[in-house]
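Structure first, then comments.
Computed from the coordinates by the stated procedures, all read-outs in this text should not be read as laboratory data. Here the structure is a predicted model, which is why all the values come from computation and not from measurement. Every residue, glycine among them, receives a Cβ derived from its backbone with ideal geometry; neighbour counts consider all protein chains shown.
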Amino acid sequence: MSRFLVVIPVVLMATAASAQQQPGQDACARDVSRYCRAVMNNGDQAVLACLKEHRAKLSKPCDKVLTDHGQ
């Protein structure tokens, strides 16, 4: 889980301020844990690819974060 705390903000909001990173992290935390645990240590792009693979199953808030960031 500690790897996730770094992965999602970097992947989804690399240029955002720290205060803006928390919502994306919170929105996708459960989805990453549920669907992408096996690739969490494989880098940011692996987690993002995994989330995209499971797009139809993602929570609405996580899907919105991905959409809002052009993913």
Using 1/(1 + (r/R0)^6) with R0 = 25 angstrom and r between the beta carbons of Asn42 and Gln71, what's the FRET efficiency to the nearest 0.05? 0.90
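If each residue of separation counts as 0.36 nm, what is the full-extension length gain between Lys60 and Asp26 once their alpha-carbon separation is subtracted?
11.0 nm
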Per residue of the range 39-47, in order, report the coupling 6.51 cos²θ - 1.76 cosθ + 1.60 (Karplus, θ = phi - 60°) as ³J(HN,Hα) in whole Hz, putting x for Gly and Pro. 10, 4, 8, 9, x, 4, 5, 5, 5
